[in-house]
Amino acid sequence: MSELGARLREARESQGLSLAQVAADTRILQQSLVALEEGAYQRMPSDVVIRGFIRNYATYLGLSPDELIEQYRRERGATDRIQVVPATHPPRTRAYVLPSFFGVFFVTVALVGMAYIVLNAVGRIGERNDTSAAVSDPSPTVPPPSPLPTATIGRAPTVLPAITVAPEASAIARPQSTTDVAGGAFATPTTTQAAPIVLEVFVPAGNPSGSWLRIEADGNRVFEGIMRPGGRETFQAQRRVFIRAGNPPEVQVVVNGLQQGPLGQVSGQPVNWSWPPE
């Protein structure tokens with residue numbers, strides 16, 4: 001038995017509470033309470049559900065939820081957060097850097113290349129000056145600009161031929177856009193996000209009676225009415241589901257393939273049930 005489980009069991013027994021009574025008050029399955037008190041966390045669905053059960057159970061027994069969750073984290077082997085401590089002395093820096101052989105070699109080659117280019121350019125400039133003194137280059141004659149055409153009364157204006165663009169070329173040149181300028185509509189691709197919560201609610205066929213139910217998914221009412229024996233409904237939600245049952249022992253719930261058992265123990269006493277647990 002773990003230290004966390006021992007504290008939970010001692011607190012429950014000191015208050016004279018049974019597992020059945022705690023399960024009915026906290027809406028936590030009795031086998032989940034037994035797993036918590038025995039420290040058998042591998043029998044529970046996930047780490048998030050375990051933390052929620054510990055918080056509800058500790059609050060019900062009057063213990064500190066944060067302290068018990070921290071103790072659960074230590075028992076599961078979670079390491080402490082790494083703290084970065086600044087160094088007391090700054091690292092030493094090198095006062096000088098010795099040039100490498102390859103660096104000196106490449107710098108020397110670059111300087112020689114630049115000197116060759118400069119000397120070659122100077123020689124070409126001298127040759128150009130000598131030839132320009134001997135040969136005179138006549139300046140080109142620029143023709144005067146032609147006058148603009150003027151409109152003549154009684155003469156039809158000149159019509160330029162229309163340029164025809166092939167449909168294939170226009171289709172290729174026109175980029176595909178998601179904005180329709182004429183209609184003002186904007187089309188964006190949509191992706192369907194899978195629902196993280198799949199809720200299955202049913203009343204077994206062998207039960208003597210059904211139950212009135214109100215089911216909400218993400219704050220929207222998706223079902224309200226009486227579910228008879230043999231009835232079964234499936235719902236999906238992104239964040240949260242809520243169930244109000246009038247006859248809770250007759251109603252069975254499965255969340256993401258995990259059986260949650262009946263919603264209550266007392267017939268005719270309405271209960272509220274939600275997932276994830278509060």
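The numbers here are math on the coordinates, done by the rules we state, and not lab data. Since the model is a prediction, treat every value here as computed from it, not as a measurement. Ideal geometry is used to build each Cβ from the backbone, glycine not excepted, and the neighbour counts take in all protein chains shown.
Summing +1 for each Lys or Arg and -1 for each Asp or Glu, what net charge is found among the other residues whose Cβ lies under 11 Å from the Cβ of G210? Provide the component values of the computation, followed by the final result.
Numbers: positive: R228; negative: E250.
Around G210, the surrounding residues sum to 0.
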Values of log10 I(q)/I(0), in the order q = 0.13, 0.28 Å⁻¹, for segment 3-75 under a Debye, Cα-only, solvent-free model = -0.30, -1.66
Would you be so kind as to identify which of L33, S14, P65 lies farthest towards the positive end of the dipole of segment 3-75, taking Lys and Arg as +1 and Asp and Glu as -1 on Cβ and the Cα centre as origin?
-> L33
Could you pull out every residue, at least 5 positions away or on a different chain, whose amide H is within less than 5 Å of the one on S2? Hs are placed 1.01 Å off N in the peptide plane, and Pro or chain starts have none.
-> G39
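Rank these for me by crowding, F105, F53, going from fewest to most other beta carbons within 10 Å. Show your work: numbers first, answer last.
Details: F105 10, F53 20.
By the 10 Å Cβ count, ascending: F105, F53.
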Value of relative contact order over segment 3-75, rounded to a whole percent, pairs C-alpha under 8 Å and six or more apart = 31 percent
Please get the size of the charge dipole for segment 3-75, origin at its Cα centre, with Cβ charges of +1 on Lys and Arg and -1 on Asp and Glu, quoted in debye to the nearest 20.
-> 200 debye
Determine one quarter of the surface area of the Cα convex hull of segment 197-275, which equals its mean projected area, and express it in nm² to one decimal.
-> 4.4 nm²
